[in-house]
Amino acid sequence: MARTANTTIKDAFFMTQAIKMARKGILNGQTPFGTCIVKKGKIVACAHNKVWKTTDITAHAEIVAIRLACKKLKTIDLSGCVIYSTCEPCPMCFSACHWAKISKIVYGAKIADAKKHGFNELCISNTTMKSKGKSPVKITKNFMRIENIEVFKEFSKNKNKRLY
């Protein structure tokens, strides 16, 4: 497990929850993306991608989890929250994190990893989005990357997988 100076055992626990959600999504005919939102060390919301289930191309794991967290906390301001994502958030999801005022994004696999496994990704990194948009969100990248890439490999073996 790859850890950095800014990560803890708790970070590994929360990322593991995101990975579990991604695997649950795969079992439910979805794609290999999972997310866990945490505030003050407690899980607020976890979700997996639901694009195919809802026929809603915006139902990425991060968006689904942000909607759940806002509803649970009864606010659109998720300041103080950390979002753990199995893959680097796409530009849409990064923007949603920014608008929700999520304080930190911790992600595993890179956008390039998703693209390598057949997803139609825009190759605009979170670092670029943060810089160009002057977003205050903190980013920890490549956290448990190997474990998160393994989820993509599991998905790729699925004969009934659907990409978008």
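Tabulated data for the structure shown
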{"quantity": "Where labels lie 7 Å past Cα in the beta-carbon direction, separation of residue 116 and residue 95 in nm", "calculated": "2.8"}
{"quantity": "Pairs beyond 24 Å (Cα-Cα), from 110/157; 130/157; 40/138; 72/141", "calculated": "130/157; 72/141"}
{"quantity": "Candidate aspartates and glutamates - alpha carbon under 19 Å from residue 101, same-chain residues fewer than 8 apart omitted", "calculated": "62, 77, 88"}
{"quantity": "Theoretical FRET efficiency, 1/(1+(r/R0)^6), r = Cβ-Cβ of residue 55 and residue 131, R0 25 Å, to 0.05", "calculated": "0.15"}
{"quantity": "The chain, accessible area per residue, ligands and nucleic acids excluded (1.4 Å, Å²)", "calculated": "52"}
{"quantity": "Cβ-derived FRET efficiency at R0 22 Å, residue 75 paired with residue 27, nearest 0.05", "calculated": "0.10"}
{"quantity": "In degrees, nearest ten, helix 145-157 long axis to first principal axis of the chain (Cα)", "calculated": "30"}
{"quantity": "Under-5 Å amide H pairs with residue 88, H placed in peptide plane, nonlocal only", "calculated": "108, 109, 110, 111"}
{"quantity": "Three-way shape label, the stretch 7-101, alpha-carbon gyration tensor, a/c 1.5", "calculated": "oblate"}
{"quantity": "Net length gained if the chain between residue 43 and residue 13 were fully extended (0.36 nm per residue, minus Cα distance)", "calculated": "9.7 nm"}
{"quantity": "Cα point-scatterer Debye curve for the chain, base-10 log of I(q)/I(0) at q = 0.16, 0.17, 0.18 Å⁻¹", "calculated": "-0.83, -0.94, -1.07"}
{"quantity": "Accessible-area composition of the chain, carbon plus sulfur, in percent [1.4 Å probe]", "calculated": "58"}
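The values are calculated or read from the model by the stated rules, or taken from the named source; none is laboratory data. Just so we're clear, the structure is a prediction, and the values are computed from it rather than from any experiment. As a convention, Cβ positions derive from the backbone with ideal geometry for all residues, glycine included, and neighbour counts pool all protein chains shown. Only protein heavy atoms, including side chains, enter the accessible area calculation; ligands, DNA and RNA are left aside. Shrake-Rupley method; radii C 1.70, N 1.55, O 1.52, S 1.80 Å.
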